[in-house]
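Take a look at the structure set out below.
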Amino acid sequence: MHSFLIGLQFLTRIRFVRQTTWTAEDFGRSTRFFPLVGLVLGLCYMLAAWVLIYFLGVRSLTCVLILILPILLTGGIHADGFMDTADGIFSGRERARQLEIMKDSRAGAFGVVSFVMLMFVQFALISDMHPLLFVPALFVMPIIGRLAMVLAIALFPYARAEGVGKTFADMADRRTVLIAAVTTAVLVLPWGVLAALSLLLGVLFALLFCRTITNILGGVTGDVYGAVTVLTETLVLATFSLASTHPNIWGLLWRL
């Protein structure tokens, strides 16, 4: 429980109990509980979707508020990682300079433009999604996104000699992946084939994305952890949104 609460406090702005004493072992062990952090976020998103649709109906404002909520609850930590990654990768510089750019806390033009485009895409996906798919999509989205982060941490080398993300990488192992994967499967698969498809596509994308980044940077970083999370979440939204045009949407959602 202690490690889970540390992970929750690090990845979100949700505080059940404020942790003030962290050891490297506790910090690293929290990685295996990241999908449970996604569960907490998924419950928040799901409840918010119910409330917003009930009071506001399905309209642009509802979609915008749903998009803002993850940024508020996570403190924008993953969005910041995505922007820093975009700044570095799209800079066109050599590897060392790319890592230096990513380490800079200031957001550059590539990062801002990339994030704005990502928000446009997510808004379009949510707007086109069948209203009754909001709940399952928003529930499984953060869980699958945190599993993608675990895969990046445990299966790919860290690109820097030091950094906050290296603490996670040093402590993560196959057991971490196994625990996170089983937890994710238990939480996601009961939602049916569409959720299972989202999980499969999310895992494949995370592995491909991190492999590509590793070829460019020689490994991954804490910023890449954030980038793979938000991109995988966007892929989950795309899966549910595109399924909204399926003629037998409920069979696809619930059939096992």
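Would you pick out the residues in the stretch 31-62 that are assigned to a helix (DSSP H, G or I) and over 24 Å from Arg146 (Cα atoms)?
Result: Val51, Leu52, Ile53, Tyr54, Phe55, Leu56, Ser60, Leu61, Thr62.
State the number of residues belonging to the stretch 136-168 that are in a helix (DSSP H, G or I) and open to solvent by 20 Å² or more (accessible area, probe 1.4 Å).
The first filter runs over the stretch 136-168 and keeps only residues in a helix (DSSP H, G or I), leaving 136-155, 164-168.
From what is left, the residues that are open to solvent by 20 Å² or more (accessible area, probe 1.4 Å) are 154-155, 164, 166-167.
Final tally of qualifying residues: 5.
For the stretch 159-171, does any single residue satisfy the condition of being more than 20 Å from Leu47 (Cβ to Cβ) and at pLDDT 95 or above? Give the steps one after another, and end with the answer.
The first filter runs over the stretch 159-171 and keeps only residues more than 20 Å from Leu47 (Cβ to Cβ), leaving 159-171.
Checking the rest, the ones that are also at pLDDT 95 or above come to none.
Within the stretch 159-171, not a single residue is more than 20 Å from Leu47 (Cβ to Cβ) and at pLDDT 95 or above.
Which numbered condition trips up Pro190, out of (1) open to solvent by 20 Å² or more (accessible area, probe 1.4 Å); (2) in a helix (DSSP H, G or I); (3) in contact (Cβ under 8 Å) with a residue 60 or more places away in the chain?
All conditions pass for Pro190, except number (3).
In the stretch 72-109, which residues are within 25 Å of Ile53 (Cα to Cα) and surrounded by 15 or more Cβ atoms within 10 Å (Cβ to Cβ)?
Selection gives Leu73, Thr74, Gly76.
Please list, ordered by first then second residue, the pairs with beta carbon atoms under 8 Å, 6 or more apart or interchain, first in the stretch 228-246 and free of Cβ contacts under 8 Å to residues at least 60 places away in the same chain and at negative phi, second open to solvent by 10 Å² or more (accessible area, probe 1.4 Å) and among the aromatic types (Phe, Trp, Tyr).
Leu235/Phe205
In the stretch 170-187, what count of residues is obtained for those that are without any contact (Cβ under 8 Å) to a residue 40 or more places away in the chain and not basic (Lys, Arg)?
Qualifying residue count, the stretch 170-187: 7.
Test Thr184 against the criterion of being assigned to a helix (DSSP H, G or I) and modelled with pLDDT of 95 or more, and give yes or no.
Judged against the criteria, Thr184 is a match.
I'd like to know if the stretch 41-48 contains one or more residues that are among the aromatic types (Phe, Trp, Tyr) and within 20 Å of Asp128 (Cα to Cα).
Checked against the condition, which is being among the aromatic types (Phe, Trp, Tyr) and within 20 Å of Asp128 (Cα to Cα), the stretch 41-48 yields at least one hit.
Could you please give the count of residues in the stretch 82-133 that are of a type in the set (A, V, I, L, M), touching a residue at least 60 places away in the same chain (Cβ under 8 Å) and not in a helix (DSSP H, G or I)?
1
For the stretch 63-77: of the residues being in a helix (DSSP H, G or I) and not β-branched (Val, Ile, Thr), which is nearest to Gly7 (Cα to Cα)?
Of everything passing the filter in the stretch 63-77, Leu73 is nearest to Gly7 (Cα to Cα).
All but one of (1) at pLDDT below 90; (2) open to solvent by less than 10 Å² (accessible area, probe 1.4 Å); (3) in contact with a Pro (Cβ under 9 Å, 6 or more places away or on another chain) hold for Gly28; which doesn't?
So the condition that Gly28 fails would be (3).
The values are calculated or read from the model by the stated rules, or taken from the named source; none is laboratory data. The structure presented is a predicted model; accordingly, all values stated were derived computationally and were not measured. Quick reminder, even Gly has a Cβ in these numbers, built from the backbone with ideal geometry, and neighbours come from all protein chains shown. SASA here: full protein model, heavy atoms, side chains in, ligands and nucleic acids out. Shrake-Rupley method; radii C 1.70, N 1.55, O 1.52, S 1.80 Å.
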